[in-house]
Structure formats: C-alpha cells, structure tokens
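Peer 1: Got a structure for you, questions after.
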Amino acid sequence: MPDCSYIAAGSRIAVAGATGRVGAALLAALAEDPVNVVALSRAVSSERLPSGTQIAKIDFDERATLSEALEGVDRLFLAHGTSDQQVKNEIAMIDAAVAGGVSHIVKLSAMGPPTQLHPFDWHMKIEAHLANCNVGYTVLRPSCFMDVLARAKAPVASGTWGGTAEDGRVNLIDTRDIAGVARVVLLRDDFPNSQRAYHLTGPGTVSMPEIADELSRLLGRTVVYARRSRTEHREVLVSSGVSEIVADLLLGLDRIFREGALAETTTTVTGLTGKKPRSIADWLLDNRDAFGSATQTASA
C-alpha cells in the first residue's frame, strides 16, 4: 500500500454484506492483517465466508441487533444486495454505526449519472443521508462489476446471448479490485475524519460485441451478441425466469452501457493499492470454463 499511517493493531472492523461478492473478497483480503474482523450477516453461517470468520447475526427488522453487532467496532464496511429494501436497511445500519461510535464508514455505492434508474437512485439517497451524519466516511463508487457477465454464461453456452447495449462502451471492474481498495481505505489512518468519494474502474472500456470476440478467441468457437429491442429483450429475460424488477434493472443497465454513461476511466485502483486493476480479458480467462467450450456446446 502507499506510504501512510494505519489503524492500530487489534482494531475492530465490521463487514456488512459479508456474503456478497465484494464483502467476501474483502474478508479474504483482510485475513492477514493485524485487525479483528467481524462479518455482519442475516445468516448465522455461510459457505461464502472464510473458515473461522467471526459472525454477528443481524436482523433489519430488529434494530437492536444492529447496535449489538457494532459494539466495539472502529470501522464499518457497508454493502447491501440490490433490493427495494436497500435504502431503508443501509440507512438503519449507518444510524446504528454513528450512534455506536464507529469512527469511519466505507460505503459501497455505484458510479453513474443522477438518474431514476435503480439501483443508482437508491445509492444517491443513501449517500445523501450519510453526508448529513457526523462521521468520517469514504464512498466507493465502482463502475459496473465484471461479475454482471456471469448472467451471460448459460446464454453464451447455448448461443442465445444478447441485449440492448448495442456498441456502447463500459469500463467494467473486477470485484476483487474493489475489495482491494476497500481494504486500503479501512486500514489507513492518515485522514480518519475525512469525507470523500472515489470512482473505481477497470483499465479500459469495452463493448459487448468486443466481449463476444474475446469469448470467441478463448472458447475456440464463434460467440455472437444478439442485438435486441427493449421489448424483445424484456420478453427473453422474463421467460428465462428472472423477476420483473430484475428484468427492469438489467434493461436499465443495458441503457447505461448503450449511452456510454459508465465509460469513464480512472487510475484510482492503482493509486490506492499500487496494483493495476484486472482487465476484462483476465476475468473472462478466469471464468472461461463456465461459458462452455466448443466441445461442451457440441455435446449439449
């Protein structure tokens, strides 16, 4: 990490959203650091958590459990799965942290324009609440996760991948790089009372057709990104079994991609962690088998 001061050994860090993609990666990243980490979870245990992880069970319908879980906590990482309860639940956690004396909150947000599209508008409401709290905080605003492409694994394998993103460019980011930044911010102590935000991206932009070309190279067969209208793609999504709200979220994301609203490139990941962010080619290589090889597809 860059040369700076760090929190005292034995400090207590709470990770809310510990079973999510970034939260789980953050727990793994903190495993070798001299701090005490507690995972806040609605489940008593989870296979997604590292072995031996201390877990504090929380229930957003029982606000006292939030205060109890945050007792003695110095710093809080706050993430929440995308849902219509996200604003209410994250604000409740922020309020419990402030009341409990947590000195710094690291909030996982999202990079994007002011918009009515979910979940971007939800994050704006939570950020606005946090801005009015008397606490040090860091807002992490990553571009879209590379993991969003996990939804394309089955369609790519069956030759039915497509959407409404057209040739729009987006700078996707690996969740492990977001976790790496979160680790640095949680451990640093040079500006504990600061209130700031960081925009996090991968190393460069890419379009869905370019991802199809890279998959074609990796899999040894032709992968095509089918261009669909909004109506056509919504029908495909709903018929595949996703809920109405998820279908609308994915269509909104395609619109953001199509309009290039997440095409910004920053050097923040490298500046904070000292490491270059992973590229989309790196992520696709790591996940190649899940998209199905030419042999697997032919025998399916």
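The values are calculated or read from the model by the stated rules, or taken from the named source; none is laboratory data. Everything numeric in this text was worked out from a predicted model, so none of it was measured. When we count neighbours, we look across all protein chains shown, and the Cβ atoms used for this are built from the backbone with ideal geometry, even at glycine.
Peer 1: Run LYS275 past the list (1) modelled with pLDDT of 95 or more; (2) within 18 Å of the chain's Cα centre (by Cα) and report the number of the one that doesn't hold.
Peer 2: Exception for LYS275: condition (2).
Peer 1: Restrict the check to region 57-75 and report whether at least one residue is at pLDDT below 90 and of a type in the set (Ser, Thr, Tyr).
Peer 2: Scanning region 57-75 turns up no residue that is at pLDDT below 90 and of a type in the set (Ser, Thr, Tyr).
Peer 1: Residues of region 250-276 being touching a Leu at 6+ places or on another chain (Cβ under 8 Å) and either of a type in the set (Gly, Ala, Ser) or more than 21 Å from ALA212 (Cα to Cα) (or both), which ones?
Peer 2: Listed by number, the residues that qualify are GLY252, THR266, THR268, VAL269.
Peer 1: Have a look at ASP167, ASP74, ASP147 and point out the one that is over 30 Å from ALA281 (Cβ atoms), surrounded by fewer than 23 Cβ atoms within 10 Å (Cβ to Cβ) and charged (D, E, K, R). Let's see the steps before the verdict.
Peer 2: Details: ASP167 fails: over 30 Å from ALA281 (Cβ atoms); ASP147 fails: over 30 Å from ALA281 (Cβ atoms).
Among ASP167, ASP74, ASP147, only ASP74 is over 30 Å from ALA281 (Cβ atoms), surrounded by fewer than 23 Cβ atoms within 10 Å (Cβ to Cβ) and charged (D, E, K, R).
Peer 1: Among ILE256, ILE211, which is the only one that is in contact with a helix residue (DSSP H, G or I) (Cβ under 7 Å, 6 or more places away or on another chain), surrounded by 17 or more Cβ atoms within 10 Å (Cβ to Cβ), touching a residue at least 40 places away in the same chain (Cβ under 8 Å) and not charged (D, E, K, R)?
Peer 2: Values: ILE256 fails: in contact with a helix residue (DSSP H, G or I) (Cβ under 7 Å, 6 or more places away or on another chain).
Exactly one residue qualifies, and that residue is ILE211.
Peer 1: In this structure, is ARG228 crowded, with 17+ Cβ neighbours inside 10 Å, at pLDDT 95 or above, under 29 Å from ARG176 (Cα atoms) and basic (Lys, Arg)? Steps first, please.
Peer 2: Numbers: crowded, with 17+ Cβ neighbours inside 10 Å: yes; at pLDDT 95 or above: yes; under 29 Å from ARG176 (Cα atoms): no; basic (Lys, Arg): yes.
Considered against the rule, which asks whether it is crowded, with 17+ Cβ neighbours inside 10 Å, at pLDDT 95 or above, under 29 Å from ARG176 (Cα atoms) and basic (Lys, Arg), ARG228 comes out as no.
Peer 1: If you don't mind, another one. If you take the residues of region 57-102 that are among the polar types (S, T, N, Q) and within 23 Å of the chain's Cα centre (by Cα), which of them is nearest to ALA263 (Cα to Cα)? Give the steps one after another, and end with the answer.
Peer 2: From region 57-102, those among the polar types (S, T, N, Q) are 65, 67, 82-83, 85-86, 89; that's our starting set.
Filter again for within 23 Å of the chain's Cα centre (by Cα), leaving 82-83, 85-86, 89.
Values: THR82: 22, SER83: 25, GLN85: 29, GLN86: 26, ASN89: 30 Å.
So the residue we want is THR82.
Peer 1: Continuing with this model, one more query. I need a count of the residues in region 109-140 that are of a type in the set (Gly, Ala, Ser), over 14 Å from ALA79 (Cα atoms) and not in a helix (DSSP H, G or I).
Peer 2: Restricting attention to region 109-140, the residues satisfying the condition of being of a type in the set (Gly, Ala, Ser) are 109-110, 112, 128, 131, 136.
Checking the rest, the ones that are also over 14 Å from ALA79 (Cα atoms) come to 112, 128, 131, 136.
Restricting the remaining residues to those that are not in a helix (DSSP H, G or I) gives 112, 136.
Result for region 109-140: 2.
Peer 1: Need pairs with beta-carbon distance below 7 Å; first residue touching a residue at least 40 places away in the same chain (Cβ under 8 Å) and within region 48-76, second assigned to a helix (DSSP H, G or I); sequence gap 6+ or separate chains.
Peer 2: ALA56/ALA69; ILE58/THR65; ILE58/LEU66; ILE58/ALA69; LEU70/ALA96; LEU70/ALA97; ARG75/LEU186; LEU76/ALA97
Peer 1: Right, something else. Quick one: how many residues across region 231-244 are among the polar types (S, T, N, Q) and either at pLDDT 95 or above or closer than 25 Å to TRP283 by Cα (or both)? Steps first, please.
Peer 2: Within region 231-244, the first condition is being among the polar types (S, T, N, Q), and the residues that meet it are 231, 239-240, 243.
Now restrict to residues that are either at pLDDT 95 or above or closer than 25 Å to TRP283 by Cα (or both): 231, 240.
Residues meeting the conditions: 2.
Peer 1: Of the residues ILE105, ILE126, only one is at pLDDT 95 or above, of a type in the set (Val, Ile, Thr) and closer than 20 Å to CYS144 by Cβ; which? First the steps, then the outcome.
Peer 2: Values: ILE105 fails: closer than 20 Å to CYS144 by Cβ.
Result of the check over ILE105, ILE126: ILE126.
Peer 1: Counting only residues that are basic (Lys, Arg), give me the strands (runs of 3 or more DSSP E) lying completely in region 1-108 with at least 1 of them. Walk me through it before giving the result.
Peer 2: Numbers: elements: 12-16, 36-41, 54-57, 75-78, 104-108.
So the answer is 12-16, 54-57, 75-78, 104-108.
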